[in-house]
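Participant: Sharing a structure with you now.
The values are calculated or read from the model by the stated rules, or taken from the named source; none is laboratory data. As the structure is a prediction and not an experimental result, all values here were calculated from the model. Positions of Cβ are backbone-derived with ideal geometry, glycine not excepted, and every protein chain shown enters the neighbour counts.
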Amino acid sequence: MITKKVALSEIDLKDTTYLLSDVAPDQKLIDSITDIGLLNPVKLIKKDKNYIVLAGWKRIHVLLQLGNESVYSQIYENDELLTEHICVLIYTDNKERITDLEKAELLKMISNSDYYNEKNIVQKILPVFGLNPTLNNLKKYISIASLKPELKKACMNEELTIEQLKLLSEIDDPEFRDGIYNYFLKEYKFNNNETRDLIKELNTISKREKQPVEELAQKIYKENNGKADKNTIRKTVKIICYPKLTKTELKYNELVKNLNLGNSSRLVNHPYFESNEIELRIKIKEKNDLIEDIEKLKASIVDGRVDELLKLIKEGN
């Protein structure tokens, strides 16, 4: 490796072999290079008469915007580095700002090389990348990097989270995965937990009714007169997936409401009615509130409202 200035015109910016993400620099980097210059040399590989970029894409584009003609560079010969060494170098150069998606892309590059097997990557590379050194974790990141470019671009543009990408990468059926993205995640802002539930419930419905996601989406929109928002979709999917459970929940909420308990008392049941019990939680601030709720509960026991609620709990599972 040698260090010297290289003319920007000698760098082949069309060769994006080691480009991990969008090259658009942020304003902080632009201001830094404008004010104090380039402190961290870019990393290049000598290839024939030109150079290709290992690390420093954003720095190079800032220099081009500022009208510079050359860049201070660390240059490696074409055969000087193995793929895994290149990936570690790229990670190290971008350590402070590298994303999980970019780590995934680097791990996929290393896994495709001839030198490192899965065991070596887990033991030697994952700790360097600050990742939990397990085979399952390696496979998870490689699965993310193997997703379609459209999904990865959505993550780079912060339209999907890395956790949502992980959930999508766990779906074996590519048509089902594309359907989840195209008909739901692309249009509506589901959070990570909502996405997990949505995938689980749509998968259950799809297998049970032997319908692709596209037909399920049309059914959901049709039941809502062609109009939907995130909460409407979640509610409709749950009703379709768990018709008995949804009916039981509606009845349960009605019976609890009829108990007329005050703010100090709350009844809590298992979310899927898997227990024959119901829990009473009481928070006491004023003695009179507690007395009032106890009297209401006594009245509900006498007139059978509590019996009706307990019967529903037992039948609802």
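Participant: Do the conditions hold for Lys58, that is, is it basic (Lys, Arg), in contact (Cβ under 8 Å) with a residue 40 or more places away in the chain and either closer than 30 Å to Ile162 by Cβ or surrounded by 15 or more Cβ atoms within 10 Å (Cβ to Cβ) (or both)?
Facilitator: The answer is no for Lys58.
Participant: Consider Lys238 carefully, then state whether it is surrounded by 11 or more Cβ atoms within 10 Å (Cβ to Cβ), of a type outside the set (A, V, I, L, M) and touching an Asp or Glu at 6+ places or on another chain (Cβ under 8 Å).
Facilitator: So Lys238 passes the test.
Participant: Do you know which residues across the stretch 77-107 are surrounded by fewer than 17 Cβ atoms within 10 Å (Cβ to Cβ) and of a type in the set (Lys, Arg)?
Facilitator: Lys95, Arg97
Participant: Please pick out the residue among Ile171, Ile180, Ile220 that is surrounded by 16 or more Cβ atoms within 10 Å (Cβ to Cβ), of a type outside the set (Phe, Trp, Tyr) and touching a Lys or Arg at 6+ places or on another chain (Cβ under 6 Å).
Facilitator: Ile171
Participant: Looking only at the stretch 252-290, which residues are buried (at least 16 other Cβ atoms within 10 Å of the Cβ), over 36 Å from the mean Cα position of the chain (by Cα) and in a loop (DSSP other than H, G, I, E, B)?
Facilitator: Those that are buried (at least 16 other Cβ atoms within 10 Å of the Cβ), over 36 Å from the mean Cα position of the chain (by Cα) and in a loop (DSSP other than H, G, I, E, B): Leu259, Leu261, Ser264.
Participant: Give me a count of the residues in the stretch 64-102 that are of a type outside the set (Val, Ile, Thr) and not in a helix (DSSP H, G or I).
Facilitator: Matching residues across the stretch 64-102 total 19.
Participant: I've got another one for you. Pick from Lys28, Lys14, Lys46, Lys5: which is more than 16 Å from Met109 (Cβ to Cβ) and at pLDDT below 90?
Facilitator: Checking each option against the conditions leaves just Lys28.
Participant: Residues of the stretch 138-152 being exposed (fewer than 15 other Cβ atoms within 10 Å of the Cβ) and more than 14 Å from Met109 (Cα to Cα), which ones?
Facilitator: Lys148, Pro149, Glu150
Participant: Scanning the stretch 18-51 for residues that are outside any loop (DSSP other than H, G, I, E, B), in contact (Cβ under 8 Å) with a residue 24 or more places away in the chain and not aliphatic (A, V, I, L, M), which turns out farthest from Leu63 (Cα to Cα)? Break it down into steps so the answer makes sense when it comes.
Facilitator: From the stretch 18-51, those outside any loop (DSSP other than H, G, I, E, B) are 27-36, 42-47, 50-51; that's our starting set.
Filter again for in contact (Cβ under 8 Å) with a residue 24 or more places away in the chain, leaving 29-30, 33-34, 42-47, 50-51.
Those left that are additionally not aliphatic (A, V, I, L, M): 34, 43, 46-47, 50-51.
Details: Thr34: 9, Lys43: 15, Lys46: 20, Lys47: 22, Asn50: 18, Tyr51: 16 Å.
It comes out as Lys47.
Participant: Which residues, taken from the stretch 268-302, are within 22 Å of Thr248 (Cβ to Cβ) and without any contact (Cβ under 8 Å) to a residue 24 or more places away in the chain?
Facilitator: Val268, His270, Pro271, Glu279, Leu280, Arg281, Ile301 - these are the residues of the stretch 268-302 that are within 22 Å of Thr248 (Cβ to Cβ) and without any contact (Cβ under 8 Å) to a residue 24 or more places away in the chain.
Participant: Moving on. Taking the options Lys230, Lys314, name whichever one is surrounded by 14 or more Cβ atoms within 10 Å (Cβ to Cβ) and among the basic types (Lys, Arg).
Facilitator: Lys230
Participant: May I ask you to say which residue of Leu89, Leu165 is touching a Cys at 6+ places or on another chain (Cβ under 9 Å) and of a type outside the set (Ser, Thr, Tyr)?
Facilitator: The conditions single out Leu165.
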